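A short write-up of the structure that comes next.
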Amino acid sequence: MPLAVCATPIGNLEDVTLRVLRELKQADLVLCEDTRHTRKLLERHGIKARTLSYHEHNEAARVAEILPRLEAGERIALVSDAGLPAINDPGARVVRAALDAGLSVTVLPGPSAVETALVASGLAAERYQFLGYLPRSKKAREALWRELSRWPYPAVAFESPKRLPATLASLASFDPERELAVCRELSKRFEEVARGSALELARKFEHEPKGEITLVIGPARAVGANEAEETAVAAVAELIGTGLPRRRAVELVAKLTGVARNRLYGRSL
């Protein structure tokens, strides 16, 4: 029998596919990131299954234990606490080991915090970059912002609620106008999707929020657009220098260049 990699709900326990439920019912063994967490899902759907922990601290030992059982024909399902195993969760090691041993692996798709957040953000495009968990150090975060300043598509990342205020403040200091969406507690009772600029959301989340966080970072503006804006800002400053009122200078330059008036006005202050 193949190793069955099963996607599980990211919050709402009803967000599970019929295929996954059937596989969990028929499995001889369910490998779980946290057996207590998975037990809630199994009980919610009336499934009695034998479970075994499989997490980052025991992966090597579990792989050595599981491969012979797969070779012997046991039906084994792999789940993580939420979403699809092996995507920022344990699982990649046993999947690779099974494939290297010539065993079959089947993936049962389902809920994804990454794609759910991306669509909910309103920033979805024909491609995106998944960043996993964001760097913890200030230097590493700043290096990432520089890298993303040239990325013309959205990026999705996980962040802990404890570190979110510092992360948003860091991005706001680098690029205050970068479009963002902070997606909190997706699919759960207190779901929240906050959209705005990096500066706006840094102010909104000055204090640690509750719940699981998925952050969507909007695409960088095109280099040409950046250059055009800088030229427009310089033109506004020059007109103000001649004695023209700021508001009038902004209106004239915005009309000629197409750069948003509110952005020009803010940059000219």
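The values are calculated or read from the model by the stated rules, or taken from the named source; none is laboratory data. In this text the structure is predicted, and so the values were computed from the model without any measurement. Methodologically, a virtual Cβ is constructed for each residue, glycine included, from the backbone with ideal geometry; neighbour enumeration extends over all protein chains shown.
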Given (1) in a strand (DSSP E or B); (2) over 17 Å from the mean Cα position of the chain (by Cα); (3) at positive phi; (4) not polar (S, T, N, Q), number of the condition Gly132 does not satisfy: (2)
Looking at Thr231 and the list (1) among the hydroxyl-bearing types (Ser, Thr, Tyr); (2) within 18 Å of the chain's Cα centre (by Cα); (3) over 25 Å from Ser137 (Cβ atoms), which single condition is not satisfied? (2)
Can you spot a residue in the range 130-147 that is more than 30 Å from Ala77 (Cα to Cα), touching a helix residue (DSSP H, G or I) at 6+ places or on another chain (Cβ under 7 Å), surrounded by 21 or more Cβ atoms within 10 Å (Cβ to Cβ) and outside the structural domain of Asp89 (by TED's automatic domain parsing)? no
If you scan the range 146-159, which residues turn out to be in a loop (DSSP other than H, G, I, E, B) and either at positive phi or of a type outside the set (A, V, I, L, M, F, W, C) (or both)? Ser149, Arg150, Pro152, Tyr153, Pro154
Being closer than 14 Å to Asp15 by Cβ and either in contact with a strand residue (DSSP E or B) (Cβ under 7 Å, 6 or more places away or on another chain) or in contact (Cβ under 8 Å) with a residue 60 or more places away in the chain (or both) is the filter here; which residues of the range 82-116 pass it? Ala82, Gly83, Leu84, Leu108, Pro109, Gly110, Pro111, Ser112, Ala113, Thr116
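Look at Ser268 and say whether it is at positive phi and either surrounded by 15 or more Cβ atoms within 10 Å (Cβ to Cβ) or β-branched (Val, Ile, Thr) (or both).
On the way: at positive phi: no; either surrounded by 15 or more Cβ atoms within 10 Å (Cβ to Cβ) or β-branched (Val, Ile, Thr) (or both): yes.
No: the conditions fail for Ser268.
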